[in-house]
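Worksheet: the structure to be examined is printed underneath.
The values are calculated or read from the model by the stated rules, or taken from the named source; none is laboratory data. On a predicted model such as this, the values are computed, not experimentally measured, just so you know. Don't worry about glycine lacking a Cβ; one is built from the backbone with ideal geometry, like all the others, and counts go over all protein chains shown. When the accessible area is computed, the model is the full protein with side chains, heavy atoms only, and any ligands, DNA or RNA have been set aside. Shrake-Rupley method; radii C 1.70, N 1.55, O 1.52, S 1.80 Å.
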Amino acid sequence: MYWGSHVVEKGDTLYSIAWRYGRDYKELARINRVPAPYLIKPGQRISLVVPEGYQTASAQPSRKTQKTTTKTKKTATVKPKKTTQPKTTKAPVYKNTQTKKAPVTSKADRIVTGWGWPYHGPIIDTFSIAGDINKGVDIAGKIGDPVLAAASGEVVYAGNGLLGYGKLVILSHGDEYISAYAHNSKILVKEGDLIKRGQKIAEIGETGTNRPMLHFEIRKNGNPVDPLKYLPKR
């Protein structure tokens, strides 16, 4: 059971708050009525309490289905109308197509189609939910080496406001997955950037830890999962 609340501080995002408390950002958004793209501001209070009788989005009946059923019943007794030829619309024409950038369908770009290693150093600690808990995998590295995005996504947090993570980058990959890259010496991206798999997003460091390393996590619907079950075998 969850309780309490979090007062938004400068640098916080809904994703970083969800990460801090081990929650699903979509659940916090629904509880606090924060619509996409989940913008919050300093001083705002984010409730961590799950209301009594709360249902997840997947458990709620589909409004679209209900409307379709109702509409079908009504139209069953109505005489069919005369068919008319559908109007044709011309595709939009853009001027200066050589210099105009194609629009980015960010949600489609964030769908995970495969994971890649964020860094190829030796593994020094693995995922564990018992004993010495580790919510991800730790990879030894050399300060300044490149940290790569493990999958295409959107930067939803870039900063050092989460205790124990040092300079941290969090990427969102569609509606289910989020990945995190901690202890960096330098962050090379900013919130809102759309990132491709394999793109350099940071540099190895030792912020928030005692040796140069990358701490890498994957979370599914807010819950930590073992990255080694998703990353390619070496």
Where the centroid of each part is defined by its Cα atoms, how far is the range 199-234 from the range 135-164 in Å? 6 Å
What order do you get for 186-196, 41-51 when each peptide is scored by the mean count of other beta carbon atoms within 10 Å, highest first? 186-196, 41-51
Would you mind working out the accessible area per residue for the range 139-234, using a 1.4 Å probe, and quoting it in Å²? 43 Å²
Can you tell me what percent of all Cα-Cα pairs in the range 110-234 are more than 22 Å apart? 25 percent
Gyration tensor verdict on the range 168-234 (Cα atoms; rounded if a/c is under 1.5, prolate if a/b is larger than b/c, oblate otherwise): oblate
Determine the alpha carbon to alpha carbon distance for each of Lys142/Lys233; Lys26/Lys220; Lys26/Lys229; Lys167/Lys233 and list only those over 19 Å. Lys142/Lys233; Lys26/Lys229; Lys167/Lys233
